[in-house]
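Working notes, structure below.
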Amino acid sequence: MKKVFGIAAALLTLALFASCKTTTVKGSGLKGDDPKLAVGKTAIIDYQGRELGGEIPLWVKELANGNYSESALSKIMPDVKGKKVFVTIGYGDNLDFVRQWTDLVDVETEVTSSLERVAVKAVEAEMVGSTAESGTKTVSPAEIQKNQDMYRASLSSVRVTGLEKIAQYWILSQVVDGKNVVTEPKYSYYAVWGIEKNIYETHIDEAMKKINDTTTEGEMLKKLVREKLVEKLSISSNDTTIVEEADEAVIAEK
């Protein structure tokens with residue numbers, strides 16, 4: 001059975017490489033004859049390309065550490081330089097399932113959802129934060145909701161065309177504590193997408209034109225939301241914890 005699994009994994013690896021444009025990237029140094037590589041309390045059981053003697057790419061390690069932005073990835077992934085980057089990450093105990101979600105996801109829909117999600121959170125954070133800093137009257141929940149709905153409506157029609165998949169990769173791992181298994185093996189599947197920045201910004205600017213608020217505060221809010229959507233990271237995952245942590249980092253970053 002072990003031999004059959006190895007052959008199947010090798011065939012799957014070759015198929016994945018053949019289905020997507022490859023790019024020369026730096027390895028992470030994670031490699032070995034033994035299929036289990038201890039990294040802290042995480043044991044890497046298998047990974048894409050192991051049978052061919054490859055290393056886990058450094059960009060995968062960056063994503064696993066929560067570094068999703070173009071500025072972080074462009075240093076080790078030449079193909080993302082100068083592009084707006086989107087990351088999709090899937091987790092599960094079935095490789096076909098996580099590949100289906102992550103690699104074959106309707107990325108345009110996922111991007112639109114992430115734009116709405118980040119914009120709505122940014123609106124609330126900025127409106128609440130601004131009143132707290134200025135000492136003015138606390139903004140009402142109804143006013144926050146009104147602005148959130150306006151941004152949600154303006155971004156819901158955005159269809160980010162021109163996205164292309166730059167790379168994808170899978171790892172099978174489990175968490176261990178000494179000889180004790182903490183979690184059962186699960187697959188992590190990473191995909192990186194890119195779009196030319198000028199094309200992406202055109203999409204965002206068209207959406208911002210639909211924001212009907214010409215007050216000074218409204219213009220400042222629009223500028224901040226646009227900056228979050230253009231300059232900061234975007235990520236989608238079937239693990240809500242990952243998404244929430246990434247969103248919080250975006251909102252908190254000035």
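The values are calculated or read from the model by the stated rules, or taken from the named source; none is laboratory data. Fair warning: this is a prediction, and the values are worked out from it, not measured in the lab. For neighbour counting, all protein chains shown are included, and Cβ atoms are generated from backbone atoms with ideal geometry for every residue, glycine included. Accessible surface is based on the protein model in full, side chains and every heavy atom, while ligands, DNA and RNA are left aside. Shrake-Rupley method; radii C 1.70, N 1.55, O 1.52, S 1.80 Å.
Sorting K81, K146, K222 by accessible area puts them as K81, K146, K222; the probe is 1.4 Å, largest comes first, and only protein heavy atoms count.
If R0 is taken as 45 Å, the Cβ-Cβ distance between T215 and Q100 corresponds to a FRET efficiency of 0.50.
For the set R159, R152, the ranking by accessible area, highest first and with no ligand, DNA or RNA atoms included, is R159, R152 under a 1.4 Å probe.
The length gained by stretching the chain between D205 and E227 to full extension, at 0.36 nm per residue less their Cα-Cα distance, is 6.8 nm.
Using a cut-off of 29 Å between Cα atoms, the listed pairs K197/K222; K61/K223; K179/K232; K81/K228; K75/K209 include K61/K223; K179/K232; K75/K209 as exceeding that distance. Please state the shape class of segment 130-254: rounded when a/c is under 1.5, otherwise prolate if a/b exceeds b/c and oblate if not, all from the C-alpha gyration tensor. Verdict is oblate for segment 130-254. Suppose R0 equals 30 Å. What FRET efficiency, 1/(1 + (r/R0)^6) with r the Cβ-Cβ distance, do E244 and V181 give to the nearest 0.05? E between E244 and V181, to the nearest 0.05, is 0.65. Accessible surface calculations at 1.4 Å, restricted to protein heavy atoms, place segment 117-254 at 53 Å² per residue.
In terms of accessible area, using a 1.4 Å probe and ignoring ligands and nucleic acids, F86, F97 rank largest first as F97, F86. Apolar share of the accessible surface for segment 58-147: 50 percent from carbon plus sulfur atoms, 1.4 Å probe. Put simply, the amide H of I56, placed in the peptide plane, has neighbours under 5 Å in S28, G29, L30, leaving out anything fewer than 5 places away on its chain.
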